[in-house]
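The structure appears right after this line, and notes come after that.
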Amino acid sequence: MKSWEKKFNEVALEKGREAFLHNRVSDLKRNANGYTAAVLGRQRFEVTVKMREEKPAGISCKCPTARAGQYCEHMAAVLYAIDKEQKTDQGTLAWEQQEEEGRRLREEQEKELAREE
């Protein structure tokens, strides 16, 4: 379980996961402080996530549940989307690093073959 998931009740987590899996998180945008996004349903709810060291440090939503001081399904949905984006970014970085390492090894092998000739 991710550390942020512990702050949510089971219902909010499950509904948030469903919203995320059904592509109801839209307009996810990274900014200097974190992320903004909207979660679509019967209504559109705006969610803001402040990040510190690539982890959620504060979150807000305009829905009645969040205004009552609870963590809501919209927040969970956006956090799932952020997790996916961060994993994709990390995966892309890892792939680029592997590709660079492969290029470097090929160059070394070519140099070694040229010396042997």
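The values are calculated or read from the model by the stated rules, or taken from the named source; none is laboratory data. The shown structure was predicted, so the numbers you read here are calculated from the model rather than taken from an experiment. All Cβ positions, glycine included, derive from the backbone under ideal geometry; neighbour counts span all protein chains shown. Calculation scope for accessible area: heavy atoms of the full protein, side chains included, ligands and nucleic acids excluded. Shrake-Rupley method; radii C 1.70, N 1.55, O 1.52, S 1.80 Å.
Restricting attention to region 1-44, the residues that are part of a strand (DSSP E or B), within 15 Å of the chain's Cα centre (by Cα) and hydrophobic (A, V, I, L, M, F, W, C) total 5. Has region 56-66 got at least one residue that is modelled with pLDDT of 95 or more, surrounded by 10 or more Cβ atoms within 10 Å (Cβ to Cβ) and basic (Lys, Arg)? No, region 56-66 has no match at all.
Has region 15-36 got at least one residue that is among the polar types (S, T, N, Q), touching a strand residue (DSSP E or B) at 6+ places or on another chain (Cβ under 8 Å) and open to solvent by 80 Å² or more (accessible area, probe 1.4 Å)? Lay out the reasoning, then the answer.
Taking region 15-36 as the starting set, the residues that turn out to be among the polar types (S, T, N, Q) are 23, 26, 31, 33, 36.
Add one more test, that the residue is touching a strand residue (DSSP E or B) at 6+ places or on another chain (Cβ under 8 Å), and what stays is 26, 33, 36.
The next check asks that each one be open to solvent by 80 Å² or more (accessible area, probe 1.4 Å); those that pass are 33.
Yes, region 15-36 contains a residue that is among the polar types (S, T, N, Q), touching a strand residue (DSSP E or B) at 6+ places or on another chain (Cβ under 8 Å) and open to solvent by 80 Å² or more (accessible area, probe 1.4 Å).
Of all residues in region 32-48, those that are over 11 Å from ALA81 (Cα atoms) have Cβ atoms under 6 Å from Cβ atoms of residues that are in a loop (DSSP other than H, G, I, E, B), 6 or more apart or on another chain, in LEU40/ARG24; PHE45/LYS62; PHE45/CYS63; GLU46/LYS62. On the stretch given as region 42-72, residues that are under 15 Å from GLY16 (Cβ atoms) and either hydrophobic (A, V, I, L, M, F, W, C) or out of contact with any Ser or Thr (no Cβ under 9 Å at 6 or more places or on another chain) (or both) total 10.
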